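**Student:** Encoded as structure tokens, here's the structure I'll be asking about.
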Amino acid sequence: MSHFTRIKTKLAKKEYLMQALRDMGYQPIEGSVEIRGFSGQRTAVEVMVHTKNPGYDMGFRKAGEVYELVADWYGIHDINQDTFLNQVQQKYAYNTVMSRMKEQGFEAVEEKNTQDNTIHITLRRTVF
């Protein structure tokens, strides 16, 4: 019996997902990889994230147009799945916005993080 849980996300672009994970301090591994779970079980993912829990990893794999988070949370004790996913989604959104704004000629001139983890960004556009 598999212990792996799959959580569908709205994350669609691998480059922003990878950057979000790096921003959070992880060293994601991409490619055709497998994550580990209970009793040595394995499942295929496209992006793997090692945890500090021996024998347990997290990963992301495409499910249609978006990625799903896959992990055996039974053995991952130091990471809350909701908190982790919320942080990934926030970093993903941040990287998406910053990339699109740069493409449109904007630059960030100020960034503030509030206590409720809201990010306020002041942008400027140079007009020639």
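**Student:** To the nearest µm²/s, what D does Stokes-Einstein give for segment 18-128 at 25 °C and 0.890 mPa s, using the Kirkwood radius over alpha carbon pairs as Rh?
**Tutor:** On the way: Rh = 15.9 Å.
The estimated diffusion coefficient comes to 155 µm²/s.
**Student:** Shifting gears a bit: Counting only Cα atoms, I'd like the Rg/Rh figure for segment 1-72, Kirkwood definition for Rh.
**Tutor:** Details: Rg = 11.6 Å, Rh = 12.2 Å.
Checking Rg against Rh, the ratio lands at 0.95.
**Student:** Counting only pairs 8 or more residues apart or on different chains, how many lysine pairs in the chain have their Cα atoms under 22 Å apart?
**Tutor:** 15
**Student:** Suppose a student asked you for the relative contact order of the chain, using Cα pairs under 8 Å spaced at least 6 residues apart; what percent would you report?
**Tutor:** On the way: 212 pairs, mean separation 29.4, N = 128.
It rounds to 23 percent for the chain.
**Student:** What does the charge count near GLN104 come to, summing +1 for each Lys or Arg and -1 for each Asp or Glu among other residues with Cβ under 13 Å from its Cβ?
**Tutor:** Numbers: positive: ARG100, LYS102, ARG124, ARG125; negative: GLU103, GLU107.
Once positives and negatives cancel, what remains is +2.
**Student:** Can you compute the FRET efficiency between PHE38 and ILE121 using 1/(1 + (r/R0)^6), with r the Cβ-Cβ distance and R0 = 41 Å? Round to the nearest 0.05.
**Tutor:** Numbers: r = 41 Å, r/R0 = 1.01.
Here the calculated transfer efficiency is 0.50.
**Student:** Given a 1.4 angstrom probe, what's the average accessible area per residue across the chain, in square angstrom?
**Tutor:** Numbers: 8190 Å² over 128 residues.
It amounts to 64 Å² per residue over the chain.
**Student:** With the full set of protein chains in place, find how many percent of the accessible area of the chain is carbon and sulfur; take the probe as 1.4 Å. Mind showing how you got there, number by number?
**Tutor:** Numbers: 3840 of 8190 Å².
Of the solvent-accessible surface of the chain, carbon and sulfur hold 47 percent.
The values are calculated or read from the model by the stated rules, or taken from the named source; none is laboratory data. Quick caveat, the model's predicted, so the values are computed rather than measured. Reconstructed Cβ throughout: ideal geometry from the backbone, glycine too, with neighbour counts over all protein chains shown. Protein only, heavy atoms only, side chains kept; ligands, DNA and RNA dropped before computing areas. Shrake-Rupley method; radii C 1.70, N 1.55, O 1.52, S 1.80 Å.
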